Amino acid sequence: MGKDVSASDLLAANDALLLCTGATRPRDLPIPGRDSDGIHFAMEFLGKWQRRQRGDEISPISAEGLDVVVIGGGDTGCDCIGTSLRQGAKSIVSFEILPQPPEARAGDNPWPQFPRLFKVDYGHEEVAVKWKEGDPRRYNTMSKEFLRDENGRISGIRTVTVAWTKDPATGQWKMAENSDSEKTYPCQLALLAMGFLGPEEYVKNIFFSLIIALIVFSLFSYAIQQLGLERDGRSNIKVKPSPVNGGSIPHTYATSTEGVFAAGDCRRGQSLVVWAISEGRQAAREVDEYLMGHTLLPVPGGVIHPKAQSVRKAASVAGFRPAVEKEDGVPVSPKKAAFEAPPANDYRARASRRQ
Ligand SMILES: Cc1cc2nc3c(=O)[nH]c(=O)nc-3n(C[C@H](O)[C@H](O)[C@H](O)COP(=O)(O)OP(=O)(O)OC[C@H]3O[C@@H](n4cnc5c(N)ncnc54)[C@H](O)[C@@H]3O)c2cc1C
């Protein structure tokens, strides 16, 4: 979408559009020498290798026999370390600009915040087992320049170490380079794994084009406010807050553009597969309700969604009576009865058996 098929065509041809386009736009490192050969984004390296592993006829980016530097110390960086090791890299070092996290929660990182703790993942452990230098991570390390050989290929990375201090007045962290800390690491393959900045641009750009077209249209309809696809502060696709139950369900999957929904990483930012699965299911439920006026698709595991009322209503329209209406002679709440109702595709069969 956005390359071969335009979003406006898709919208025109369909009643609803659910975007699940991920959040794989990588953060770049625009320092001198960035245009040297042998510098790749992590996902290009990992993606090609995975496709090769599944049997695609493509040339992977190979770390075999090379000094590899992975820039970025997160989970994606760890996957780059592990993959480089399996490909037969000569050496592997990983730079992280932040300090090494503590072994136990710091005072400014209390529960229930996500714990920022030092952890040793598989890639770090495998490198430590293979080479006597141990853990490949170098903290407080900032890349200053990619050095290159006469063929234009990266040959090394010039770095400095940095110190972090917290401003007592504002509480903000400040970074300063340490003098005389310059060091050059040999490198023929640099992998950039410094996080992701939201959905790929061309997905949003096509909506930008769409919005421009709609601005012209809106001269007549005054509908422009309803038609823009907004982004949140982290540049992901923004969805509407949920009006349900005083905000106990924090959001919907509906974007600010009528009929357009978003779920998974493109809505919440880089996350986990379990979240993508859950969001996909719940977004499908919301789209179903948007199209049909009600939905029989299930709510999140075991938690009763107040919209279960609409499930019950839809079931009764279909001629179905919930299996449990009384428990030990006590009437069961409509929500519970609706929750215990069979899955959607079973309604008609069960209803006809009962008649
Ligand atoms: C290196 C790495 C390792 C990870 N490891 C783990 C892990 O071990 N466990 C875990 O739970 N999670 C892991 N994650 C996170 C996990 O991969 C994501 O959270 C999850 O895949 C998000 O699912 P999604 O469907 O939202 O997006 P994606 O899986 O990113 O899928 C988006 C799809 O949309 C396609 N697309 C994008 N733009 C367009 C367009 N304009 N038109 C058509 N198609 C488009 C993309 O090509 C892609 O196929 C990892 C992520 C990375 C980057």
> Could you say whether any residue in the range 276-288 is among the basic types (Lys, Arg) and within 13 Å of LEU18 (Cβ to Cβ)?
Replying inline: yes
> Within the range 170-182, which residues are assigned to a strand (DSSP E or B) and surrounded by 12 or more Cβ atoms within 10 Å (Cβ to Cβ)?
Replying inline: MET175, GLU177
>> Please determine whether any residue of the range 150-163 is more than 19 Å from ILE97 (Cβ to Cβ), modelled with pLDDT under 95 and of a type in the set (Gly, Ala, Ser).
In response: no
> Got at least one residue in the range 134-143 being more than 16 Å from the ligand (Cβ to nearest atom) and over 23 Å from PHE41 (Cα atoms)?
Replying inline: yes
> Looking only at strands (runs of 3 or more DSSP E) that fall completely inside the range 17-122, which ones have 3 or more residues that are surrounded by 20 or more Cβ atoms within 10 Å (Cβ to Cβ) and in contact (Cβ under 8 Å) with a residue 12 or more places away in the chain?
Replying inline: 67-71, 91-95
> Within the range 1-16, how many residues are within 11 Å of the ligand (Cβ to nearest atom), among the aliphatic types (A, V, I, L, M) and either free of Cβ contacts under 8 Å to residues at least 12 places away in the same chain or within 15 Å of THR255 (Cα to Cα) (or both)?
Replying inline: 3
>> Among the residues of the range 86-98, what is the count of those that are touching a strand residue (DSSP E or B) at 6+ places or on another chain (Cβ under 7 Å) and within 15 Å of the ligand (Cβ to nearest atom)?
In response: 1
>> So in the range 123-133, with the set limited to residues that are within 15 Å of PHE95 (Cα to Cα) and surrounded by 12 or more Cβ atoms within 10 Å (Cβ to Cβ), which one is nearest to the chain's Cα centre (by Cα)?
In response: GLY123
> Of the residues that make up the range 287-295, is at least one modelled with pLDDT of 80 or more, within 16 Å of the ligand (Cβ to nearest atom) and not basic (Lys, Arg)?
Replying inline: yes
>> Just to verify a result, which residue in the range 150-165, among those that are in a strand (DSSP E or B) and charged (D, E, K, R), is farthest from ASP180 (Cα to Cα)?
In response: ARG153
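The values are calculated or read from the model by the stated rules, or taken from the named source; none is laboratory data. The structure displayed is predicted, hence computed values, not measured ones. Reconstructed Cβ throughout: ideal geometry from the backbone, glycine too, with neighbour counts over all protein chains shown.
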